[in-house]
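**Q** One structure coming up, written as structure tokens, with questions to follow.
The values are calculated or read from the model by the stated rules, or taken from the named source; none is laboratory data. Bear in mind that the values here come from a model prediction, so they are computed numbers and not experimental data. All Cβ positions, even for glycine, are placed from backbone atoms using ideal geometry, and neighbour counts span all protein chains on display.
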Ligand code: URA
């Protein structure tokens with residue numbers, strides 16, 4: 001049966017997904033004529049293949065567990081880790097993964113919202129690297145009616161733990177008189193430990209709830225994932241994440 005073009009991908013992409021080789025390394029292997037596709041040496045970098053083709057490197061079948069990716073809507077009282085010595089609930093319990101997956105970065109025990117889990121270490125490391133500035137937006141509820149002066153300080157960067165935070169986009173959404181709470185949206189470009197909580201504390205406001213409403217292009221309002229639930233990413237979404245961190 002003829003394969004559909006949409007199921008075909010450049011062979012170096014398949015190698016990167018199914019082995020420890022990066023896409024770049026896979027390209028080198030192709031140039032060195034060390035890769036065969038269904039018994040024939042691959043001659044060109046653009047050669048297309050599908051997941052069911054036999055791909056060998058130096059005569060050895062490449063096989064690594066399939067890379068899997070989940071988007072999770074984390075509830076409170078779950079730790080963003082694969083184990084916990086205090087036997088608290090862990091984030092990986094929220095997915096039914098056939099392979100061991102890891103959280104991409106972390107959300108505090110009491111923070112809710114979007115977080116990725118994957119066994120794709122290459123992508124995870126890139127997404128976590130500060131140079132790519134992957135978008136992270138939080139909805140923050142703080143005690144009291146936050147003033148414009150404080151918003152301005154948060155925007156321009158403030159000192160916490162002996163370092164100055166880089167600029168942040170900070171917007172006051174509302175103030176609720178009844179609960180005496182302000183809702184603020186914050187986009188930060190770093191991911192230091194408890195950064196948002198510490199930023200607000202340093203201008204005198206205690207964070208009551210912290211919810212990550214956007215991670216990269218995933219927006220909580222567009223997702224139909226309930227709290228504590230997860231969904232697998234589509235191949236297109238994984239590709240888009242790779243594009244974000246500069247890999248085609
Ligand atoms: N900033 C925090 O303070 N906590 C989080 O979980 C994420 C960002």
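**Q** Of all the residues that make up the stretch 83-109, how many are more than 13 Å from the ligand (Cβ to nearest atom) and out of contact with any helix residue (DSSP H, G or I) (no Cβ under 9 Å at 6 or more places or on another chain)?
**A** 15
**Q** Which of the residues belonging to the stretch 37-89 are in a loop (DSSP other than H, G, I, E, B) and under 18 Å from residue 22 (Cβ atoms)?
**A** Residues satisfying the conditions are 42, 45, 46, 47, 58, 62, 63, 64, 65, 66, 67.
**Q** Of everything in the stretch 147-160, what is within 16 Å of residue 206 (Cα to Cα) and either away from the ligand (no atom under 16 Å from the Cβ) or outside the structural domain of residue 182 (by TED's automatic domain parsing) (or both)? Give them in sequence order.
**A** 147, 150, 151, 153
**Q** Is at least one residue of the stretch 32-46 under 26 Å from residue 207 (Cβ atoms), at pLDDT 90 or above, surrounded by 11 or more Cβ atoms within 10 Å (Cβ to Cβ) and out of contact with any strand residue (DSSP E or B) (no Cβ under 6 Å at 6 or more places or on another chain)?
**A** No, the conditions are met nowhere in the stretch 32-46.
**Q** Condition test on residue 238, is it within 12 Å of the ligand (Cβ to nearest atom) and either on the phi > 0 side of the Ramachandran plot or in contact with a helix residue (DSSP H, G or I) (Cβ under 9 Å, 6 or more places away or on another chain) (or both)?
**A** It is false that residue 238 is within 12 Å of the ligand (Cβ to nearest atom) and either on the phi > 0 side of the Ramachandran plot or in contact with a helix residue (DSSP H, G or I) (Cβ under 9 Å, 6 or more places away or on another chain) (or both).
Yes or no, residue by residue, for (1) over 19 Å from residue 242 (Cα atoms); (2) assigned by TED's automatic domain parsing to the domain that holds residue 237; (3) exposed (fewer than 15 other Cβ atoms within 10 Å of the Cβ):
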residue: 14; (1), (2), (3): no, no, no
residue: 29; (1), (2), (3): yes, no, no
residue: 82; (1), (2), (3): yes, yes, yes
residue: 85; (1), (2), (3): yes, yes, yes
residue: 88; (1), (2), (3): yes, yes, yes
residue: 91; (1), (2), (3): yes, yes, no
residue: 96; (1), (2), (3): yes, yes, yes
residue: 108; (1), (2), (3): yes, yes, no
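**Q** On to the next question. Could you list, in sequence order, the residues of the stretch 114-133 that are surrounded by fewer than 22 Cβ atoms within 10 Å (Cβ to Cβ) and within 14 Å of the ligand (Cβ to nearest atom)?
**A** Matches in the stretch 114-133: 128, 130.
**Q** Which ones in the stretch 161-204 are away from the ligand (no atom under 13 Å from the Cβ), part of a loop (DSSP other than H, G, I, E, B) and either surrounded by 14 or more Cβ atoms within 10 Å (Cβ to Cβ) or assigned by TED's automatic domain parsing to the domain that holds residue 106 (or both)?
**A** 203
**Q** Additional query: Could you please find all residues in the stretch 205-227 being surrounded by fewer than 17 Cβ atoms within 10 Å (Cβ to Cβ), part of a loop (DSSP other than H, G, I, E, B) and within 16 Å of the ligand (Cβ to nearest atom)?
**A** Those that are surrounded by fewer than 17 Cβ atoms within 10 Å (Cβ to Cβ), part of a loop (DSSP other than H, G, I, E, B) and within 16 Å of the ligand (Cβ to nearest atom): 206, 227.
**Q** Could you say which residue among 22, 80 is closer than 29 Å to residue 135 by Cα, without any contact (Cβ under 8 Å) to a residue 40 or more places away in the chain and touching a helix residue (DSSP H, G or I) at 6+ places or on another chain (Cβ under 9 Å)? Don't jump to the end; show me each part of the working.
**A** Numbers: 22 fails: without any contact (Cβ under 8 Å) to a residue 40 or more places away in the chain.
None of the others qualify; the one that does is 80.
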